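Have a look at this one before I ask anything.
The values are calculated or read from the model by the stated rules, or taken from the named source; none is laboratory data. Computed from a predicted structure; not experimentally measured. Please note: Cβ atoms are built from the backbone with ideal geometry, for glycine as well, and neighbour counts cover all protein chains shown. To get the accessible areas, we keep the full protein, side chains included, count just its heavy atoms, and leave off ligands, DNA and RNA. Shrake-Rupley method; radii C 1.70, N 1.55, O 1.52, S 1.80 Å.
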Amino acid sequence: MTDHRVVFVVFDGFQPLDLTGPHEVFHGAGGYTCEVVARRAGPVRSGSGLLVHAAHGVADLDPAGTDTLVVVGGRGVDLAREDEALVSWVAAAAAGARRVASVCSGVFLLAAAGLLEGRRVTTHWARGEQLAREHPGVRVDCDPIFVRDGPVWTSAGVTAGMDLALALVEDDRGRDVAHAVARRLVLFLRRPGGQSQFSVALWSRQPATDPVRAAVAAIHADPGARHDIAGLAARAGLSPRHLQRRFTAELGVPPAAYVERVRVEAARRALSEGDEPVEAIARSCGFVTAETLRRTFHRRLGVAPSDYRARFRSTAGAPGARPVPEEGRSV
């Protein structure tokens, strides 16, 4: 089997995990030759101070013959995208590459090279508004962890680069190889691209006291359980009225609203990752009936569960597919 040539573009102030994470994925899969290019060959200092040796500079590495071009992100990207020689090399390499990818804010370098006009992309949530403002011809969606639009693949921040690399490996070598790499790297779950950057557990306020923590833990442990206020209060060792007050004060939403958010997230995962019928997913995630799940999805996401599944699944394999954004997220 002929090795795929993967070229990583780095610069002073890059994020080291944007490079090392995907690099390990490709190396673990086998069948890839990985090279690192920078403005000049030699040591390149990352944003955290780690020195990485770039074997090539743009003046001595022919951009032709690149199969997969991966541009990393990091604080230094704002200076890197002003470097005409680096930007020109990226544009030339992309012109002949089978596919082009960016991790995190590396998307700004792709934009500077004129590679994103009219395309749908993602980046780290903290830089989405800046990208949309500076490049109005680019469709920015900061909900998914990675997006494929034709030959251009873009991903969210840091660890999402490993998810992106696993998707690229799957695209080349199949799901079994990608899963084997994920297991070897002890990645608990190979996340599909449409999974949101904004999970309930990550983006909700965190409980401040043990009783509310106990209630929250019970909800996440089994989203499909009943979780009425009496049952949660028993878990917390509080009266229902007391739990209602403390839960709302600590998390900013009442228990019922929090339960619904967790159930919607669980249903989204089930729809995107499995083959269960919508009716079965509704029951297992606590919605009881498919109609209740449908109404909740329409209210929160503006789409039916079946449409969400169709759009989400097409994201993994079809160019230009559009997963549905999380409620309240727009760019």
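Which ones in the stretch 246-261 are crowded, with 22+ Cβ neighbours inside 10 Å and touching a Pro at 6+ places or on another chain (Cβ under 7 Å)?
F247
Among the residues of the stretch 60-75, is there at least one that is without any contact (Cβ under 8 Å) to a residue 60 or more places away in the chain, surrounded by 19 or more Cβ atoms within 10 Å (Cβ to Cβ) and among the charged types (D, E, K, R)? If you could, list the steps in order and put the result at the bottom.
Here is the first cut: in the stretch 60-75, the ones without any contact (Cβ under 8 Å) to a residue 60 or more places away in the chain are 60-64.
From what's left, surrounded by 19 or more Cβ atoms within 10 Å (Cβ to Cβ): 61, 63.
If we keep only those that are among the charged types (D, E, K, R) as well, we get none.
No; the residues of the stretch 60-75 include none that is without any contact (Cβ under 8 Å) to a residue 60 or more places away in the chain, surrounded by 19 or more Cβ atoms within 10 Å (Cβ to Cβ) and among the charged types (D, E, K, R).
I would also like to ask the following. If you go through the stretch 86-96 one residue at a time, do you hit one that is outside any helix (DSSP H, G or I), within 22 Å of A112 (Cβ to Cβ) and of a type outside the set (D, E)? Even if it seems obvious, please write down each step before you answer.
From the stretch 86-96, those outside any helix (DSSP H, G or I) are none; that's our starting set.
There is no residue in the stretch 86-96 that is outside any helix (DSSP H, G or I), within 22 Å of A112 (Cβ to Cβ) and of a type outside the set (D, E).
Just give me the residues in the stretch 128-167 being assigned to a helix (DSSP H, G or I) and small (G, A, S), in sequence order. I'd like the intermediate steps shown before the answer.
Here is the first cut: in the stretch 128-167, the ones assigned to a helix (DSSP H, G or I) are 128-134, 160-167.
Answer for the stretch 128-167, where residues must be assigned to a helix (DSSP H, G or I) and small (G, A, S): G128, A132, A160, G161, A165, A167.
Six or more apart or on different chains, Cβ under 7 Å: which pairs go from a residue in the stretch 284-306 that's on the phi > 0 side of the Ramachandran plot to one that's open to solvent by 30 Å² or more (accessible area, probe 1.4 Å) and part of a helix (DSSP H, G or I)? Could you list them?
G286/R263
Mind listing just one residue for me: the one in the stretch 299-329 that is exposed (fewer than 13 other Cβ atoms within 10 Å of the Cβ) and within 23 Å of V259 (Cα to Cα) and, of those, modelled with the lowest pLDDT?
That would be G328.
Look at the stretch 26-71 and say how many of its residues are within 14 Å of V90 (Cβ to Cβ) and of a type in the set (S, T, Y).
2
Please work out which residue is nearest to the chain's Cα centre (by Cα), limiting yourself to the stretch 89-126 and to residues that are open to solvent by 40 Å² or more (accessible area, probe 1.4 Å) and among the basic types (K, R).
Once the filter is applied, the top-ranked residue is R119.
For the stretch 58-85, enumerate the residues that are within 28 Å of W125 (Cα to Cα), assigned to a helix (DSSP H, G or I) and of a type in the set (A, V, I, L, M).
Within the stretch 58-85, V77, L79, A80 qualify.
Go through the residues of the stretch 154-164 one by one and say whether even a single one is open to solvent by less than 40 Å² (accessible area, probe 1.4 Å), at pLDDT 95 or above and among the hydrophobic types (A, V, I, L, M, F, W, C).
No, because not a single residue in the stretch 154-164 is open to solvent by less than 40 Å² (accessible area, probe 1.4 Å), at pLDDT 95 or above and among the hydrophobic types (A, V, I, L, M, F, W, C).
Right, something else. Scan the stretch 216-233 for residues that are modelled with pLDDT of 95 or more, surrounded by 16 or more Cβ atoms within 10 Å (Cβ to Cβ) and part of a helix (DSSP H, G or I) and jot them down.
Scanning the stretch 216-233 gives I229, L232, A233.
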